[in-house]
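We did not get these values from a lab; they are worked out from the coordinates using the rules stated. Predicted, not measured: the structure shown is a model, and the values here were computed from it. Virtual Cβ from ideal backbone geometry, glycine too; neighbours counted across all protein chains shown.
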Amino acid sequence: MPLEFEKPIEELEAKIAELEGFAASSGVDLSGELQVLRERLAQLKSETFDNLSRWERVQLARAPGRPTTLDVIGGIMTEFVELYGDRTYGEDPAVVGGLARFEGTSVVVVGHQKGRDTKENIRRNFAMPHPEGYRKAMRMMDLADRFGRPFIAFIDTPGAYPGVSAEERGQAWVIAQSIQRMARLRVPAIAIILGEGGSGGALAIGVGNRVLILENAWYSVISPESCAAILWRDAKEAAKAAEALKLSAPDLLNLGIVDRIIPEPSGGAHRDPAATLANIKQALQATLAELAGLSPEQLFEDRYRRFRGLGRYQA
């Protein structure tokens, strides 16, 4: 189903397809008309996708078909062995992690996992982790340090689960522990924001030496809807909140919150997942190479300096 701002594009694409079908079946030469429509389509796509608002980028970050953590792992890595459970309470399907190989290098990976359909989204709690999900992530961090393997985190969550069950098991405390544990890693740590990066639920696995973000992903202390509900008592003001939050990839790069933007195909990652995975792979290769020569002590200090220097401000 197209997003609201994509509907004119979808309608024009449907018209072109209809004319192509008619020309093929009737033998009528409509090449001139089709050429005009294709040029108009290219112009419309350029006008739409080259001037996206922050709220439109948020919508693209949530678009069905956008690559999930497991899609990325399966697409750019090999020999993935998923590990389950937190050794304390239970398994949280909202967070996946394990061991894998990336271009011949053994790595430890972890990430939020959204469902590919409604049924799976319910099972994975819409990628909103409980405390056991973050304890699982910390298990992966321990493995990375123990075996000296780079740690790669994929972020895609609207936020940690805010329900009573999560609070009863110490949600805020566990998120703080996860931030602290990742900050102390002695191996290269890279975080990649695939779609949504909401609040502490995202930051819990976002303390990397380098933080990368897909072009239409967002990263913020709060979602636009929640921010609007607090400030204007109306979640429908989410578009206004998104503008105020400056949560888009270009904003974050300008503010020094992220280190690199990974380009997406025109129209968003969901329109060409294979090209998106290729871009992620290239960016990850370059970032790992950049960190490869640093010692454990240098990696620790690099991460400390990065987060101490976050943000742009005027005195």
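Over segment 1-144, Cα pairs under 8 Å with separation of 6+ residues give a relative contact order of 17 percent. Can you classify segment 50-169 as rounded, prolate or oblate using the Cα gyration tensor, where a ≥ b ≥ c are the square roots of its eigenvalues, rounded means a/c under 1.5, and otherwise it's prolate if a/b beats b/c and oblate if not? It comes out oblate by the Cα gyration axes. Where (1) 20.4; (2) 21.7; (3) 19.5 are the candidate values, the label of the one calculated here for mean projected area of the Cα convex hull in nm² is (3).
May I ask you to derive the relative contact order of the chain, considering only C-alpha pairs under 8 Å and at least 6 residues apart, and to give it as an integer percent? Please report the intermediate quantities before stating the final value.
Working: 568 pairs, mean separation 48.3, N = 315.
Rounded, it is 15 percent for the chain.
Among 287-294, 256-263, the peptide with the highest mean count of other Cβ atoms within 10 Å heads the list, and the full ranking is 256-263, 287-294. Straight-line reach from K136: taking Cα to Cα under 12 Å and skipping same-chain neighbours fewer than 8 places apart, the aspartates and glutamates in range are E82, D86, E91, D92.
Restricting to segment 105-216, compute how many DSSP beta bridges are antiparallel as a %, nearest 5. Once the DSSP bridges in segment 105-216 are tallied, antiparallel ones form about 0 percent. Think of the chain as having a plus end and a minus end, set by charges on the Cβ of Lys, Arg, Asp and Glu; of L12, N254, T105, T105 sits farthest toward the positive end of this dipole. A straight Cα-to-Cα reach below 22 Å connects K281 with the lysines K114, residues fewer than 8 places away in its own chain not being considered. Cross-link reach is defined here as a Cα-Cα straight distance under 16 Å, omitting same-chain residues fewer than 8 places apart; for K7 the lysines meeting it are K15, K45. Positive end of the dipole of segment 33-83 (Cβ unit charges, origin at the Cα centre): among M77, L60, T48, the Cα lying farthest that way belongs to T48. Remark: relative contact order (segment 159-279) = 20 percent; criterion is Cα-Cα distance under 8 angstrom and separation of 6 or more residues. The protection proxy used here, the mean number of other Cβ atoms lying within 10 Å of each residue, ranks peptides 16-26, 119-129, 192-202 as follows, highest first: 192-202, 119-129, 16-26. Relative to the Cα centre, the charge distribution of the chain, modelled as +1 at Lys and Arg Cβ and -1 at Asp and Glu Cβ, gives a dipole magnitude of about 1280 debye.
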